[in-house]
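Notes for the one structure printed next.
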Amino acid sequence: MAVDQALRLLSVLLASVSFIGLVLAASLPAWLTVVTASALMIALIRTSGLPVAHRVAAQITLSTTTWNIFVLLGFLVFWVDSLWVSRDLLHAGIHFLLILMVIKLGNLQLHRDYQHLYAISLVAVLAAASLTTDLWYFPVFLAYVVFGVWALLLFQVAKRSEEIHASALKGQPMREGPEKHTDVTPQLLWMGNGLALATIGVTILMFFMIPRVGAGFYQKGIGENIRMSGFSNTVDLGAIGTMKRDPSVVMRVELPDGSERQGGQLYLRGSVFDQYNGRSWTNLLSHRHAVTENSPGTFVVERRGARESAQLGPPLRQHILLEPLDTTVLFAAPFAEIITGKLPAVQADVSGGLYLPFASSTRIEYSVVSRSHPVLPADRQAEPVSYRESVFGPFMQVPDLSERLMGLTEEIVRGKRNAYDKAVAIKSHLLQNYQYSLDVAHREHEDPLEDFLFSRKTGYCEHYATTMAVMLRTQGIPARLITGFLATEWNEYGNYFVVRQQDAHAWVEVFLPHSGWVIMDPTPESGDSFGGAPAAWQTFGRMLDSVRLRWSRMVVQYSTVDQLAMVKGIQTGSVTAKNRARESLASIFDPIAAMVGAVISGLDGDDLVPIAGGGLVLTAICLFLWFSRKKVWGWSRGGCDAKAMDLEEPIMGLYKRMLTQLSRKGLLKPAAMGPLEFVRMTREHWAEAVVAVATVTELYCRGRFGRVPITQEEYRSAEGHLQQLIGLERHATGCLNEGVGAEAIGAGKGI
């Protein structure tokens, strides 16, 4: 493939990658997405080199002034968009950026047009980075780096090729001799791929040397937090059931200490409710107090009426990655004691519910140490219990209940000697005599519990938990409703729980005199199936999700602490590697070192100084010669080229008009053909036009790459030759069409 064609192709691909990044990161208007995608497709078709595409492009060529008018109109659209349409400067700027990309794709002719397109693509890919922290951005970024390196490399090669043609034309506009086509050679291919790999390696190295200070300036956009139900101060019966069909991931929970998975499930406590009015629950004990911060990022939850540590369950450490939610609830296994993480503050209410000061618009990563309350043997004994009304009054409140519900409760707990036995009896009755289903038709009823117990006998988790809490309260046993998540989906590839919206759950906490608040869940297992996907696809999904977690851990949430831990790990591992390498090298170089040592020991100290100095001088000379031979400093025999920039744009337009005029008469310039070769081809097929073509071509090359400035007289002379070209006899067209060879009509384009 010719360098000119490859350059245009890579430039369009670079713009396409940045456009894909914006499409995935931002909500773009449909019309703008279609227009930009169409412009990219048209640009790709033009790079194909088809004669039809070249002819169409030659017919619809617009002047520079027209494109500048389009830019001004786009700028006007930007202000209208930012003030009245999107009313957001960031999104209006992204829309304007894509408008500029469309304009530049339609006017990709001069070198500065390519440079403008590269700048637009860079801003676009940076905008996408500021809008997201998702895993998909990594392949987009890699593709952008590879295409960007190749585009810049080919840009320099194409520029140098035209400089060579310009040098050949100086003083000899019609110089004879063969010209070489500039193609993408295997050497250039290997060099480009090597530069791309080196760039990616340096980028990754710098990425891990610099810790993150934020997680995407506009991550997830504004107002796009996952909407939750059942975690405000009031929850209606059936509110959580609406979430049970949503598979969106809300958090991932690691158990870093290798803790047991508690029978394959994990309760994650959220909101606590104490008052039930017959239709909905309310948290009247919602007054929050700040949790003590013992050290930066470490919050210790005060236990109210805590038992001895020996009576608590073993510590359970969780590492939680919480997605942006529209609730301030902080989820953790019951009952949280220590919370660590980059949190602005932690608040708690009287019932032990944990909260953030405000809902976060970005992912939150924190660790929690929790200890459960196992049921103690003393609570299984038969003994009278009296609860203090001042402490437990809110958790024994009941609304007006029907006689049927009261009678059923008495029948269930008949013969039970203590609070624990009564709670177990109520739980067992609900598990054995009722069914759980999400296909429960919502219907109005004066008493939802009576409708659930005696009519439908099926419902959501809120119905079961509410029924059990109310029945316990009628027996004078403190109980409260808890909403949170019941995690059951274990990812074996990352060793963590995946928690989805469909895992939202409600259960009961019962207070026992010696054990304290203990969990009891009266909801039977669901008969509904959420895993309709094939087993192979579910396995792939778990693998991909584990990659997402590591992406967030090592990339999005990468901090100074992670950096220090990585450095220490490298240092620890490097000691072993260094020792092994030293032993291997010693076996190779010890004989050589012994020989050199024997020679040096035979020399005097005064002899070592000139030997060392001579060695340094010899090394410096070798390096100088090598650098000079390779020209790595960018030196050239002719010194720095001085470009004449005053008339560059007019002469470019003049050359472009000349090519357009020639294409109308059937003489097309292929993309791979240099300016001098095109002059020779013109002489072969249209001798009358060769003087005008040679004159304009020489000034074109001088204007872009020559050292000698173009004078006004020379420019006016070139304009005169172009007018002569336009005024040639029409009868030349027929002869020209018969004489032009297939290679001239081939897969070519304009410059």
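Which of (1) in contact with a helix residue (DSSP H, G or I) (Cβ under 7 Å, 6 or more places away or on another chain); (2) in a loop (DSSP other than H, G, I, E, B); (3) free of Cβ contacts under 8 Å to residues at least 60 places away in the same chain does residue 446 not meet, given it meets every other one?
Of (1) in contact with a helix residue (DSSP H, G or I) (Cβ under 7 Å, 6 or more places away or on another chain); (2) in a loop (DSSP other than H, G, I, E, B); (3) free of Cβ contacts under 8 Å to residues at least 60 places away in the same chain, only one is false for residue 446: (1).
Could you list, ordered by first residue, the pairs with Cβ atoms under 7 Å in which the first is in region 661-688 and farther than 21 Å from residue 158 by Cβ and the second is not hydrophobic (A, V, I, L, M, F, W, C), at least 6 apart or interchain?
Pairs that qualify, where the first residue is farther than 21 Å from residue 158 by Cβ and the partner is not hydrophobic (A, V, I, L, M, F, W, C), are 665/733; 666/733; 666/737; 667/682; 667/685; 685/739.
Have a look at 400, 379 and point out the one that is out of contact with any Lys or Arg (no Cβ under 9 Å at 6 or more places or on another chain) and either under 16 Å from residue 510 (Cβ atoms) or not assigned by TED's automatic domain parsing to the domain that holds residue 514 (or both). Show your work before the answer.
On the way: 400 fails: either under 16 Å from residue 510 (Cβ atoms) or not assigned by TED's automatic domain parsing to the domain that holds residue 514 (or both).
Step by step, each of 400, 379 is checked, and only 379 is out of contact with any Lys or Arg (no Cβ under 9 Å at 6 or more places or on another chain) and either under 16 Å from residue 510 (Cβ atoms) or not assigned by TED's automatic domain parsing to the domain that holds residue 514 (or both).
For region 19-43, enumerate the residues that are among the hydroxyl-bearing types (Ser, Thr, Tyr) and in contact (Cβ under 8 Å) with a residue 60 or more places away in the chain. Spell out the reasoning first.
Filtering region 19-43 down to residues among the hydroxyl-bearing types (Ser, Thr, Tyr) leaves 27, 33, 36, 38.
Once the filter is applied, which keeps residues that are among the hydroxyl-bearing types (Ser, Thr, Tyr) and in contact (Cβ under 8 Å) with a residue 60 or more places away in the chain, region 19-43 yields 27, 36.
Sort out which residues of region 8-51 are modelled with pLDDT under 90, of a type in the set (Gly, Ala, Ser) and in contact with a helix residue (DSSP H, G or I) (Cβ under 7 Å, 6 or more places away or on another chain), and write them in order of number.
25, 26, 43, 49
Please pick out the residue among 458, 466 that is assigned by TED's automatic domain parsing to the domain that holds residue 240, over 30 Å from residue 337 (Cβ atoms) and either surrounded by fewer than 17 Cβ atoms within 10 Å (Cβ to Cβ) or modelled with pLDDT of 90 or more (or both). Break it down stepwise before answering.
Details: 466 fails: over 30 Å from residue 337 (Cβ atoms).
Being assigned by TED's automatic domain parsing to the domain that holds residue 240, over 30 Å from residue 337 (Cβ atoms) and either surrounded by fewer than 17 Cβ atoms within 10 Å (Cβ to Cβ) or modelled with pLDDT of 90 or more (or both) holds for just one of 458, 466, which is 458.
Do you know which residues across region 363-380 are modelled with pLDDT of 85 or more and in a loop (DSSP other than H, G, I, E, B)? Give the derivation first.
We begin by selecting, within region 363-380, every residue modelled with pLDDT of 85 or more; these are 364-380.
Within region 363-380, 371, 372, 373, 374, 375, 376 qualify.
How about region 285-294: which of its residues are farther than 13 Å from residue 354 by Cβ and either of a type in the set (D, E, K, R) or modelled with pLDDT under 90 (or both)?
Correct list: 285, 287, 293.
Kindly list the number of the only condition in (1) within 39 Å of the chain's Cα centre (by Cα); (2) surrounded by 17 or more Cβ atoms within 10 Å (Cβ to Cβ) that fails for residue 342.
Checking residue 342 against (1) within 39 Å of the chain's Cα centre (by Cα); (2) surrounded by 17 or more Cβ atoms within 10 Å (Cβ to Cβ), the one that fails is (2).
Could you tell me whether residue 360 is polar (S, T, N, Q), closer than 19 Å to residue 250 by Cα and not in a loop (DSSP other than H, G, I, E, B)? Even if it seems obvious, please write down each step before you answer.
Values: polar (S, T, N, Q): yes; closer than 19 Å to residue 250 by Cα: yes; not in a loop (DSSP other than H, G, I, E, B): no.
So residue 360 fails the test.
The values are calculated or read from the model by the stated rules, or taken from the named source; none is laboratory data. Because the structure is a prediction, the values reported are computed rather than measured. Quick reminder, even Gly has a Cβ in these numbers, built from the backbone with ideal geometry, and neighbours come from all protein chains shown.
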